[in-house]
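Heads up, the thing below is written out as structure tokens.
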Amino acid sequence: MAEITAATVKDLRERSGAGMMDCKKALAETNGDMEAAVDWLRTKGLATAAKKSGRTAAEGLVGVTVQGLRGAAVEVNSETDFVAKNDQFQAFVRNVAELALTNEGDVETLKNVAYPGGEGSVADKLTSNIATIGENQSLRRIRTLSVANGVVVPYVHNAVANGLGKIGVLVALESDAPAETLEALGKQLAMHIAAASPQALDEEGLDPAAVERERAIATEKAAESGKPANIIEKMVEGAVAKFRKEVALLSQLFVIDNKTPIRDVVATAAKAAGTPIVLKDYVRFQLGEGIEKQTSDFAAEVAAAAGI
């Protein structure tokens, strides 16, 4: 059996929102597998997907920028939040975001692009920053959006500087409507995306593996009800349909009124503008998504309380 450490219990507790002893039991039941433990807690009604997905681990900054009909989002990580406040680090994130606008390749491609000011490549500048700032840093991911006609709207939640923060969003709207109309709509949609964290634009775009994971959890929970097989099947399909609706952007309920689906928000705006508006795509980067969090002194407190 895998060793269950205080740090592991702490990590599961923060991911799931479940109690410490429940987390310890979940890890014991799943041989220390973190993702399986989260699922175990959820089948017991002790955790939620939202708790898990809302947690971030790494430091650094997300940067977003728009030029014309094109926008880019980047994430650059650092070891501490202190570095994210450094002017040199912030300038690097801004410059990389602007470079990403005209370089559609992956991270490795962007690293080979010439950095402004004759300082070699992006990778060279990153190495120089590590040496001068004295802390490890990494260019983690980039993504670009564009429209043929319309706008790409940037938004940073709780920005620490212009275009920089911990959650960055881009919204691409295709339309002949006036730019100011689209900008206002795009800002509202971007704020919704920052808050609601959709997993895909529509239900068809959801990751099949994520859907099947929800199906497995729903199946296990329904089986514990003791109801007949045909009722259990309906319960499972209902749970999966609810999940798909809640995590696909176009079917999510608008956070401003909590009753209007996003597709209807866009349709209403199009009707008012007298011309079609299409929500073409979006980007949402949250700092540290999926990066394992480092342990802290709090682990000792967990160990003492849990007796491990």
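Summing Cβ point charges (Lys, Arg +1; Asp, Glu -1) relative to the Cα centre of the chain gives a dipole of roughly 720 debye. Distance from the Cα centroid of the range 69-110 to that of the range 129-151 is 2 Å (rounded to whole angstrom). The translational diffusion coefficient of the chain, from Stokes-Einstein at 4 °C and 1.567 mPa s with a Kirkwood hydrodynamic radius over alpha carbon pairs, comes to 60 µm²/s.
Projecting the Cα atoms of LEU99, ASN112, PRO276 onto the charge dipole of the chain, computed from C-beta unit charges around the Cα centre, puts PRO276 farthest toward the positive end.
Within the range 58-116, the trypsin sites (Lys or Arg not before Pro) that combine a DSSP coil assignment with at most 13 other C-beta atoms in a 10 angstrom radius are LYS85.
In the range 197-248, what GluC sites (Glu not before Pro) fall in a loop by DSSP, with at most 13 other Cβ atoms inside 10 Å? Let's see the in-between values first.
Values: sites: GLU203, GLU204, GLU212, GLU214, GLU220, GLU224, GLU233, GLU237, GLU246; in loops: GLU224.
Answer by residue number: GLU224.
Given a 1.4 Å probe and heavy atoms of the protein chains only, how would you sort LEU27, LEU253, largest accessible area at the top? Walk me through the numbers on the way to the answer.
Values: LEU27 0, LEU253 70 Å².
Heavy-atom accessible area, descending, gives LEU253, LEU27.
The values are calculated or read from the model by the stated rules, or taken from the named source; none is laboratory data. What you see is a predicted model, and the numbers here were worked out from it, not measured in a lab. Heads up, the Cβs are rebuilt from the backbone with ideal geometry, glycines too, and the neighbour counts pull from every protein chain shown. Please note that ligands, DNA and RNA were not included when accessible areas were found on the heavy atoms of the full protein model with its side chains. Shrake-Rupley method; radii C 1.70, N 1.55, O 1.52, S 1.80 Å.
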